[in-house]
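The values are calculated or read from the model by the stated rules, or taken from the named source; none is laboratory data. Since this is a predicted model, take the numbers as computed values, not measurements. Here the Cβ is made from the backbone with ideal geometry for all residues, glycine too, and neighbour counts use every protein chain on show. Only protein heavy atoms, including side chains, enter the accessible area calculation; ligands, DNA and RNA are left aside. Shrake-Rupley method; radii C 1.70, N 1.55, O 1.52, S 1.80 Å.
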Amino acid sequence: SAAEDRIAFDLLLQMPGGFEPSDIWVLGCGTGAHAALLARRRPDAMVHGLEAHEALLNQARARPERVDWVSGEAEDFSPAILRT
């Protein structure tokens, strides 16, 4: 939705200039639009998209950006557990 897009873009703009994360997780990534944007904006980081709904995750996996698409529930999120 437009409101979700606005929130994601506002968050991106607030990231400090010198902030260079090596891993970025998008919890509840849906069809992957925001994770794909992060992957394009932060090419040196490994972006992970977590989504519980397989239909949405399959749409995300069809995107050309380099993103680690992970099936799972946001409330069960733990980078140590989900990372393969």
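Where does each of E54, E20, E65 land when they are ordered by accessible area, with a 1.4 Å probe and the largest first? Numbers along the way, then the final one.
Numbers: E54 85, E20 120, E65 35 Å².
Per-residue accessible area, sorted high to low, gives E20, E54, E65.
Ligands, DNA and RNA are left out, and with a 1.4 angstrom probe the accessible area of the chain is 64 Å² per residue.
Its Cα centre serving as origin, the range 1-50 has a Cβ charge dipole (Lys and Arg +1, Asp and Glu -1) of approximately 100 debye.
Could you tally the net charge around T31, taking each other residue with its Cβ under 11 Å from the Cβ of T31, Lys/Arg +1 and Asp/Glu -1?
Cβ neighbours under 11 Å give a net charge of +1.
Between S22 and E75, the FRET efficiency estimated from the beta carbon spacing at R0 = 30 angstrom works out to 0.80.
For the chain, the fraction of 1.4 Å probe accessible surface lying on carbon and sulfur atoms is 55 percent. Annotation: extensible slack from D68 through A8 equals 19.7 nm (criterion: 0.36 nm per residue apart, minus Cα-Cα distance). Legend: Rg and Dmax of the range 1-75, from Cα coordinates, 11.9, 36 Å.
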